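Undergrad: Input: one structure, supplied below.
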Amino acid sequence: MSEESKKRLNRRKFITLTGGALAAAGLLAACGDNTVAPASATTAAGAGATTTAAGAGATTAAAGGTATTAAATGATTAAGAATAAGTNTSGVTIEYWSWVLGSKESVDLWNRTHTNFKVNYTQTTSGTPHYNKVKAAVAAGSGGPDLAQIEFQLVTSLVVGGALQPITQEAAPYKAKFIDWTIQQVTLGNDIYAIPQDIGPMGLFYRKDIFDQYSLAVPKTWEEYKAAAEKLHAADPTKYIASFSPAQPGQFAGFAWSNKAKWFGTKGDAWQVTINSAETKKVADYWQDLITRKLVKVEADFNPAWYKDLLDGNIATWVGAVWGAGTLATNAAGASGKWAVAYLPQWTAGSKVSGNWGGSTVAVIKGSKHVKEAVEFGAWLNSDPGPVGEMIKGNNIYPATKDGGSLPVLKQPNPYFSGQVINDIFTESAGNVDPSWTWGPTIDQVYADIGDQFTASTNGSGTLSSALDQAQAKTVADLKSKGLQVTQ
Amino acid sequence: MVIFLVFQLIPVGYAIWQSLQATTRSGLGIGAAGSRFAGLENYAQALQDQEFIAGVLRMLVFGVVQVPVMLFFALVLALLFDSSFAMFKKFFQFAAFLPYALPGIVASILWSFLYLPGVSPIIAALQAINVKVDFLGPDVVLWSIANIVTWQWTGYNMLIIFSALQALPHDIFEAARIDGASGWAVNTKIKIPLVLPAIILTAVFSIIGTLQLFSEPTIVRTLTNNVTFKYTPNMAAYNIAFGANNPNYAAAVAVTLAIFTFILSFGFMKLTNRKEK
């Protein structure tokens, strides 16, 4: 889904909190800049996950509670509305938790069209609060959902954390509907643990107006990308080819992924950790060079200052994923008609390798007594054009099914991108995502380590490459301290 | 007694018990996880965790600077409001107290916007006169957070000191004035010594508050990468528990922090008590 993919706790938390608090407390005026502050509130309403936050914010003001509590209240309200009329031949009702907009409509659709069992939906607050709620329910042993939304990178961590159930047999009939590499992402050992929902194939967003103004060619390789960076910055020192956010490991993982790197692997009953492999270091050295020569702007992303740079054209490209189209349209609405999409630049001229940034699954939570029903619903939710269409409408998801990319709704010209059919590029990208990437068992820790080490590097101590060495050492130590086996 | 047992001792006891356990897994970690008695292993790890220690030290530096500054402001404001010549007393008292009434998260968001380049009117104004500031820079961000905390809590501390001042019998001041004491002398020789217990109380609260700093840096972290995920000890405990999914170690970190806070605040009280005698 689009929101989740914007991943990282940081931004989510920020939008959730700012969206809510700003909308509620009417503090916009206090923020000084009228053009930007409301944009963030709009994001909250537009981008999906955060609508709850904006709504809940009002509750905050009224009830005087904290933002988190208020968000939870909002979620409960949404849950109540999900039950629809219809018969229920088995008497079974499964509980589904997600923050993707359009899920409620999908659940309603199921309850209208299916009689064998019912689904009850609870809209949660995106990101960390969602996972904390799931983890707490698992720890408590009751009150948890049967099925919950889990982002790709966290599936393995949650399996090792004991929160998910294997669904290998139940999922077998549906497996073939989903893109092969997405199934690979949710498989650990010999078991499948989740059903892919949406993906984030990467691409290059670029400012057509700026590329025209400085007669830059759209880069097909990273070499050309660097040349464009030099030319642009030389022509106008206030402009950069891109921003680099040190604490954005999801994006960096996507970069590494598209250079056929692997951070984790399994060999028999042991983990392999290769965060500082040659493939990843090549990517790190490339960006380090751009950082050292000040050809990219080092700044945190997904916050109002960054949106302003996207809007004003201070940064001319963004190496993003399919859901980024929504990010731009909502947060840099004023730049409509100026952005375009190109295929991800390549390390080798002529190749078409791609990576993935973001995307989600639904997984059966430990303790569920209705695994079969949960999987049946999950597979329907993520592959049937009905619910998929609802989630595209609600949250701009890009489906993980093999034929999902050819849905007519995804082949529409996009007015924000001057009528370009941007999904032509992302569909091709989705087909070329390197299938060998594997997520490790401690991904939150890995992201935190890489983020903090990269930040230290960009502040002048060490390089991105040495930061990867440190992250590698810390991850291996962390796995071992958890009793997991690590091998070369 | 029952209430004390249920709501005070049991949670603390449970946290300590948790901190003495460790989760055991094997191989890839797919199978059911067990748990074993780990003794003080988690504590040993906490004391060797450089980021956690750095977080504690960071908060000490923070406290040494921020607490005195804030209490100085609070004291001066309280004395002003207590003096006879302050104008619009009620209004200013309300204004000084207002930030405390605002939830910490809202205050942090508000300030965050003032710190954010490209959005902040302060930065824009400074830039107009050619002053370049980065409120979120690696060395500055701690003091930007200190500013939020000071802004928020000065009024609260002021109120505690002020009410202590109000409780003082007014005839002492009259007597002093008749004896020819200046306003300054009344303040430094009589008022401040008499409200010292209140000042110490606010100091202890502030020390505890400093070590427990969480929501302000967590919000600022969304704007800058310079606030790391173990920036303050409380953030470390939270992120270890939920992010790294290691509740046992998080419990150990939390208990270590509690012991440390305990030592520090009681040490401070001991120290000031001795001085008084």
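The values are calculated or read from the model by the stated rules, or taken from the named source; none is laboratory data. As the structure is a computational prediction, the values presented were derived from the model and not from experiment. In this analysis, Cβ positions are derived from the backbone assuming ideal geometry, glycine residues included, and neighbour counts consider all displayed protein chains.
Undergrad: Just name the residue that is nearest to the other protein chains (Cβ to nearest Cβ) out of those in the range A:111-125 that are among the hydroxyl-bearing types (Ser, Thr, Tyr) and not in a loop (DSSP other than H, G, I, E, B).
TA: A:Thr122
Undergrad: Please enumerate the residues belonging to the range A:285-328 that are in a helix (DSSP H, G or I), more than 30 Å from A:Asp424 (Cβ to Cβ) and not hydroxyl-bearing (Ser, Thr, Tyr).
TA: Result: A:Asp285, A:Gln288, A:Asp289, A:Ile291, A:Pro304, A:Ala305.
Undergrad: I would also like to ask the following. What number of residues within the range A:227-253 satisfy the criterion of being basic (Lys, Arg) and in a helix (DSSP H, G or I)?
TA: Number of matching residues: 1.
Undergrad: Only residues that are within 14 Å of chain B (Cβ to nearest Cβ) and either of a type in the set (Ser, Thr, Tyr) or at positive phi (or both): list them for the range A:126-166, please.
TA: Across the range A:126-166, the qualifying residues are A:Ser126, A:Gly127, A:Thr128, A:Tyr131, A:Gly141, A:Thr156, A:Ser157, A:Gly162.
Okay, residues lined up against (1) within 14 Å of chain A (Cβ to nearest Cβ); (2) without any contact (Cβ under 8 Å) to a residue 40 or more places away in the chain; (3) under 26 Å from the mean Cα position of the chain (by Cα):
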position: B:Phe4; (1), (2), (3): no, yes, yes
position: B:Arg25; (1), (2), (3): yes, yes, no
position: B:Ala38; (1), (2), (3): yes, no, no
position: B:Glu41; (1), (2), (3): yes, yes, no
position: B:Met59; (1), (2), (3): no, no, yes
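Undergrad: Here are the criteria: (1) among the aromatic types (Phe, Trp, Tyr); (2) within 14 Å of chain A (Cβ to nearest Cβ); (3) surrounded by 19 or more Cβ atoms within 10 Å (Cβ to Cβ). Tell me which single one B:Phe162 does not satisfy.
TA: Answer for B:Phe162: the failing condition is (2).
Undergrad: What helices (runs of 4 or more DSSP H) lie completely within the range A:140-221 and have 1 or more residues being under 17 Å from the mean Cα position of the chain (by Cα) and of a type outside the set (A, V, I, L, M)?
TA: A:152-160, A:180-185
Undergrad: Hey, can you tell me all the residues within the range B:210-235 that are in contact with a Gly (Cβ under 9 Å, 6 or more places away or on another chain), under 20 Å from B:Trp151 (Cα atoms) and facing chain A (nearest Cβ under 7 Å)?
TA: B:Ile219
Undergrad: Separate question: Do we have any residue at all in the range B:79-91 that's under 22 Å from the mean Cα position of the chain (by Cα), away from chain A (no Cβ under 14 Å) and not charged (D, E, K, R)?
TA: No.
Undergrad: Pick from B:Ile263, B:Ile240, B:Ile219: which is surrounded by fewer than 17 Cβ atoms within 10 Å (Cβ to Cβ) and either of a type in the set (Val, Ile, Thr) or touching a Pro at 6+ places or on another chain (Cβ under 7 Å) (or both)?
TA: B:Ile263
Undergrad: On to the next question. Can you tell me how many residues within the range A:451-488 are over 21 Å from B:Gly29 (Cα atoms), within 11 Å of chain B (Cβ to nearest Cβ) and of a type in the set (Val, Ile, Thr)?
TA: Number satisfying all stated conditions: 2.
Undergrad: Can you say whether B:Gln21 is surrounded by 11 or more Cβ atoms within 10 Å (Cβ to Cβ) and either closer than 30 Å to A:Asp269 by Cα or within 14 Å of chain A (Cβ to nearest Cβ) (or both), as far as the supplied structure shows?
TA: For B:Gln21, the condition - surrounded by 11 or more Cβ atoms within 10 Å (Cβ to Cβ) and either closer than 30 Å to A:Asp269 by Cα or within 14 Å of chain A (Cβ to nearest Cβ) (or both) - is met.
Undergrad: If you don't mind, another one. For the range A:314-330, enumerate the residues that are within 13 Å of another protein chain (Cβ to nearest Cβ) and either of a type outside the set (A, V, I, L, M, F, W, C) or surrounded by fewer than 21 Cβ atoms within 10 Å (Cβ to Cβ) (or both).
TA: A:Asn314
Undergrad: Something else: Six or more apart or on different chains, Cβ atoms under 8 Å: show the pairs whose first residue is in the range A:144-162 and within 13 Å of A:Leu188 (Cβ to Cβ) and whose second is of a type in the set (S, T, N, Q) and in a helix (DSSP H, G or I).
TA: So the pair list comes out as A:Phe152/A:Thr182; A:Phe152/A:Gln185; A:Val155/A:Gln185.
Undergrad: Please go through the range A:360-382 and give me each residue that is within 19 Å of the chain's Cα centre (by Cα) and either modelled with pLDDT under 95 or hydroxyl-bearing (Ser, Thr, Tyr) (or both), ordered by number.
TA: Residues satisfying the conditions are A:Ser360, A:Thr361.
Undergrad: May I pose another question? Can you tell which of A:Ser354, A:Ser336, A:Ser360 is more than 14 Å from chain B (Cβ to nearest Cβ), of a type in the set (S, T, N, Q) and farther than 23 Å from A:Ile179 by Cβ?
TA: Selected residue: A:Ser336, the only one of A:Ser354, A:Ser336, A:Ser360 that is more than 14 Å from chain B (Cβ to nearest Cβ), of a type in the set (S, T, N, Q) and farther than 23 Å from A:Ile179 by Cβ.
Undergrad: Can you name the residue in the range B:100-144 that is more than 13 Å from every other protein chain (Cβ to nearest Cβ) and small (Gly, Ala, Ser) and, of all such residues, is surrounded by the most Cβ atoms within 10 Å (Cβ to Cβ)?
TA: B:Ser144
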